[in-house]
Structures are given as structure tokens and as C-alpha cells.
Amino acid sequence: MLHSSIDRVASATPPAIAARVRGLSDRAIAWLFVAPSIVLLLAINIFPLIWTIRLSFTNFRVNRPNAPIEFVGLRNYLNILTDNDIWQSMQATAHFLIWTIVLQVLIGFSLAYLINKKFRGNDLWTTIIVLPMMLSPAVVGNFWTFLYQPQIGLFNYVVGFLTGNDPSSFSMIASTSLAPWAIVIVDTWMWTPFVMLICLAGLRSIPSSIYEAAECDRASKWRQFWTITIPMVLPFLMLAVLFRGIENFKMFDLVVQLTGGGPGSITELTSINLKRAAFEQWRTGYASAYAVILFVTVFGLASIYVKALNKVKQR
């Protein structure tokens, strides 16, 4: 059946095309199959990047398509680098990025270390822990907005019960001092399971024979942890930091649902600031320069980090 189908397709192929295909090398045929994917990649990723770089040197506004486009050189880049609001959003992003990564790595590794110890209900607890990362950021944002409500929010009642304060005396998403921590808590709750799974894969990749040899040498559990577990899980931890760092640098939807960048602009991350410049102020050339700066920053830091990760893996 299969051979007859192939024979029908072969017989239907025009002789000129069949002769050309038979004359191609294996390498040429491989490129022929890969070519559509490369064209699609160029169309979706490379062309928009080149177009964005081009627009970053102009005063183009997408809401004024008929207005003359002027070449402004590096003016957009200089305006961005000297804008205090931009640096404030950079600080908000750095605060969010650093604390979410630190908390997610610490809690995620701790949970992975506990789950790696076989106990009754292990699979059930693993399933419950990974549930938050299966939810949509928009759903999580709305869910935690209700939890943070001063009058009816469960979070305020738990904090009030533990501290003795009136639950309605503070608001996590309306306070300039608490709002940055509110988005850190939610992102940590949502994405710690992701870090836990990566760490768990690292822990389960360590051969048990290494621990058995260490026990023969009378190494304590604490010594085994620092000399075997941590060094062998470190590449997995660094990989988790890389993934979460890139994702949190461009965090948008979760923060918009929770605080919208407020109160004021205290939680206005760079992605929110960029969106406002592009689609509220319609400064397309300026926003393009902003996007290029963010891309170069993330790409540069990620490249340096990957080199460090490769050195750790080769040890």
C-alpha cells in the first residue's frame, strides 16, 4: 500500500523536476527541507529586528503615517539614557528581577530537595506544588488582586492574624512601599515550581554510587550536601536562573493585572514603560530605540552568563 502510494507520487512528478531532484546532493536536499523554516524565521524574527533598528534612528510615529519621516541619528538613544523616568523603571525592574530570582531559587531548591526524598504522598504533593505554573498570568493576576483586597482579601487576614495588625489597615497593591513586594510574592508563588522541577531533575541525575562512596569515607550528610549535591546541581540552578532572568526582565501581563505599574509608577517595569511609549504616546521611533537598548542589555548579559554556565558544566 505504501509503495504503491509512493509510486503514484513518483509517476506524477514532471520528468524535468524529477531529473533535477535526482541530480541534487544529500546536502542540497537537506537545505531544501530546512529552507522554509529559515525563511519563516527571517520573516518573524530577523526582519522585525532590522526594521526596529532602522526606526530607532527616526522620529516616526505610527499614528501619523503620512507625516514626513526624519532621520534623527542618536537623539532617541540619548533621550532614553538621560531620562529619569527610564532609570526609575530600570530600578523597579532590577528590584523585581533580583528578588524573584533569589526567592525562587532558594524556595525551589528547598522544595526539590524535600521531594527528592521519597515519602508517602510524594507524587500528590508534587502535583499540587506545580499547579500555579499551569495557570495563565492573567488568571493569576486577577486571583491575587482579590487576595490582596484590604477588606475581603485572604492575604491581609493571614498577615493580620500573624502580626496582630488590622487587616484593613494596609493594602499591598495600593502602597508605594508594599506594591513592589506584592508583585515579587505573586511571581515567586507562580514560578517557584518551575525552578523546583529543574532542580529536581538535577538532584535525580546524581548517581547514588557517589553518595555511597562518600558514606564509606565517613563523610557527614552536611559534607555530602556541600561537596556533592551543590556542585552537581549548580549547572541546573544556573540554568533556572537564566530562564527566569530572561522571562522576568520582559515581565508584563502579570504586573499589569496586579498594579498596572502603580501606585504612581513604583511598579512600572521597563516592559510597561516601553508599551506606554509605543502605544499610548505613539513615539514609535523612540520606543524602537528603547527596545533595541533592552535587547542589547538582555543579549549581552545572557551571553556572558552562558559563558560562565559552560565553564561550570566543564568542571
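The values are calculated or read from the model by the stated rules, or taken from the named source; none is laboratory data. Because the structure is predicted, anything quoted here is derived from the model rather than measured. Methodologically, a virtual Cβ is constructed for each residue, glycine included, from the backbone with ideal geometry; neighbour enumeration extends over all protein chains shown. Note: areas computed on protein heavy atoms with side chains; ligands, DNA, RNA excluded. Shrake-Rupley method; radii C 1.70, N 1.55, O 1.52, S 1.80 Å.
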#### Entry: Scope the range 266-290; condition open to solvent by 30 Å² or more (accessible area, probe 1.4 Å) and either under 30 Å from residue 175 (Cα atoms) or touching a strand residue (DSSP E or B) at 6+ places or on another chain (Cβ under 9 Å) (or both); matching residues
266, 274, 275, 276, 279, 280, 281, 282
### Task
Could you tell me whether residue 304 is on the phi < 0 side of the Ramachandran plot, open to solvent by less than 40 Å² (accessible area, probe 1.4 Å), free of Cβ contacts under 8 Å to residues at least 24 places away in the same chain and over 16 Å from the mean Cα position of the chain (by Cα)?
no
#### Entry: Residues located in the range 62-76, provided they are surrounded by fewer than 16 Cβ atoms within 10 Å (Cβ to Cβ) and assigned to a loop (DSSP other than H, G, I, E, B)
62, 63, 64, 65, 66, 67, 68, 69, 70, 73, 74
### Summary
Here the residues within the range 235-255 that are touching a Lys or Arg at 6+ places or on another chain (Cβ under 9 Å) and either open to solvent by less than 60 Å² (accessible area, probe 1.4 Å) or farther than 30 Å from residue 143 by Cβ (or both) are 235, 238
### Query
Any residue at all in the range 123-145 that is in contact with an Asp or Glu (Cβ under 8 Å, 6 or more places away or on another chain) and among the small types (Gly, Ala, Ser)?
yes
### Message
Residue under question is residue 5, and the condition is that it be at pLDDT below 80, more than 16 Å from residue 291 (Cβ to Cβ) and open to solvent by less than 50 Å² (accessible area, probe 1.4 Å); does it hold?
### Response
yes
### Task
Just name the residue that is farthest from residue 137 (Cα to Cα) out of those in the range 172-187 that are open to solvent by less than 70 Å² (accessible area, probe 1.4 Å) and out of contact with any Gly (no Cβ under 9 Å at 6 or more places or on another chain).
175
